[in-house]
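One structure is given below, encoded as structure tokens.
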There are 2 protein chains.
Amino acid sequence: MPPIIELETIRRTQILEAALQTISAQGCANVTLDDICRASGLSKGGLTYYYKSKRELFLAAFTEFFERIFARGKETMDRFDDPLEKLLSFDWLYNPEDPDGFIGYPVLFDFMSIAVHDEEYRKIFHDWVDNWVVLLKEAIVLGVNRGMFHEMDCESAARGISAIYQGIATRWFLAPGMHSRLWALDTLENAVKGLLFSSDREAGR
Amino acid sequence: MPPIIELETIRRTQILEAALQTISAQGCANVTLDDICRASGLSKGGLTYYYKSKRELFLAAFTEFFERIFARGKETMDRFDDPLEKLLSFDWLYNPEDPDGFIGYPVLFDFMSIAVHDEEYRKIFHDWVDNWVVLLKEAIVLGVNRGMFHEMDCESAARGISAIYQGIATRWFLAPGMHSRLWALDTLENAVKGLLFSSDREAGR
DNA sequence: GGGTACCGACTGGTCGGTCGGTTGTTCGAC
DNA sequence: GTCGAACAACCGACCGACCAGTCGGTACCC
């Protein structure tokens, strides 16, 4: 009788989880394979059995990370019906109590600094951004169709909102003493409204 | 007769320049002292003579970097009289031809990913952000005094504008194919106007 | 007995830091 | 005026720590 869940699946998620935790806590540059072995409860040989190289493991870990964050975002967004509320539903990003979100920042920063010099990493980043854009764009189109927002280049606006989220998040996370959760939410709302309700905005990019 | 410029000053800037170029091109994690030696034209011994450790050298390089960028921003901003124009004067950030700005992105990304796990780095980041905030806040206060913007918490708004700049810049740099210069400028303008002209914005944070 | 899953000692390469040495310059003693 | 001591500026071979990847083994199952 085969096991209900593939052992391989268990091990791989176990390893990726350990990798993400370790990367988040120590930063990519300071993570050794031995660290991940310790965190995952496997030996070096065991690790190598599932991931042939450090690079392969890291790429898998980051991919897993982006999938998780995106799933979380989509899930939260789907809870709202109002387009504007959908677009502002990512306040869990600015919640230090939130385990998913908070652990993610160090991972994201590490990822981006690597992506600068690495084509394959950059590709993952692009895909991730594109996923967000599709999601946000749907909400914007919905708002336009309902007459809440005026006509606009919805994709550009979606990219803008996504970028603004990240900019605010960066400050909020790296300098929390000076940037409160309230500041983050307030700034986000006004900036997003600036994109959606600006009177002189044209449809062209 | 002593030399007109201190030799030490020449060497130190020579080394820091080499370090920044190398970091920008290869990424912190891939930079060795030998790389910087090669780039600066000094030997390992010569390097060590001026900077006792890799960490000390890197901290000095990053500090130098932040000073340069800030000086550049201030200089550009001072050219304008109109407060709104001042606040939108950083379009050189979104110019791939600009040597200062463009080389800076990889450096900034590297810096932030280290700052996550390093108190001393984080301190430098905080100071840098604070400098920007002071600068932007002055322009906002000016606008409020002239009656162009309504009353608001000028510091919060300054922090918001600064964060938005960075968010847009991040996307523009890391995924240039999907985020044109025009998109960056357009998004920036609307988001900033959202902060400055929002009707329901209160003075409290 | 062959295959899957895993172990952990070992190795080879890399890199930050060290250190003995060299060159050139200044300056006081004679 | 010159000798040499002291020092600043710099060189580059070397060392030792660290670490990714390897590989011969083991245990268990079919």
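Observations, loosely collected:
- Inter-copy label distances at B:Q14 (7 Å, Cα→Cβ; nm, one decimal): 5.7
- Between A:D127 and A:F70, residue separation times 0.36 nm minus the direct Cα-Cα distance comes to 19.4 nm.
- Oblate is the label for the protein assembly as shown. Its Cα gyration tensor axes, ordered a ≥ b ≥ c, give a/c of at least 1.5 and b/c at or above a/b.
- Interface burial for A against B (accessible surface, 1.4 Å probe, total of both chains, Å², rounded to 100): 4000
- Counting charges near A:C37 (Lys, Arg +1; Asp, Glu -1) among other residues having Cβ under 13 Å from its Cβ returns a value of +2.
- Exam field: B:D130 pseudo-label spacings to other copies (7 Å along Cα-Cβ), nanometres: 4.3
- Distance from the range B:65-141 to the range B:1-53 (C-alpha centre basis), Å: 24
- Radius of gyration (Cα atoms) of the range B:83-205, expressed as a multiple of 2.2 N^0.38 Å: 1.12.
- The 3J(HN,Hα) values that the Karplus relation (6.51, -1.76, 1.60; θ = phi - 60°) gives for the range A:90-95 are, in residue order, 8, 5, 5, 5, 9, 10 Hz. Gly and Pro appear as x.
- Value of Rg/Rh across chain B [Cα atoms, Kirkwood radius]: 1.04
- Note on B:171-178: average number of Cβ atoms from other chains within 10 Å of each residue's Cβ is 5.
- Potential lengthening of the chain between B:K54 and B:F102 amounts to 14.8 nm, from the contour at 0.36 nm per residue minus the alpha-carbon distance.
- Quotient of C-alpha Rg and 2.2 N^0.38 Å, computed over the range B:39-108: 1.48
- Summed over the residues of chain A and divided among them, the accessible surface reaches 46 Å² per residue at a probe radius of 1.4 Å.
- Taking only protein heavy atoms and a 1.4 Å probe, the accessible area of the range A:62-197 is 53% carbon and sulfur.
- Unit Cα scatterers, Debye sum, the range A:1-52: log10 I(q)/I(0) for q = 0.23, 0.30, 0.32 Å⁻¹: -0.81, -1.16, -1.24
The values are calculated or read from the model by the stated rules, or taken from the named source; none is laboratory data. Since we're looking at a predicted model, the values are computed, not measured. In this analysis, Cβ positions are derived from the backbone assuming ideal geometry, glycine residues included, and neighbour counts consider all displayed protein chains. With ligands, DNA and RNA removed, areas are computed over all heavy atoms of the protein, side chains included. Shrake-Rupley method; radii C 1.70, N 1.55, O 1.52, S 1.80 Å.
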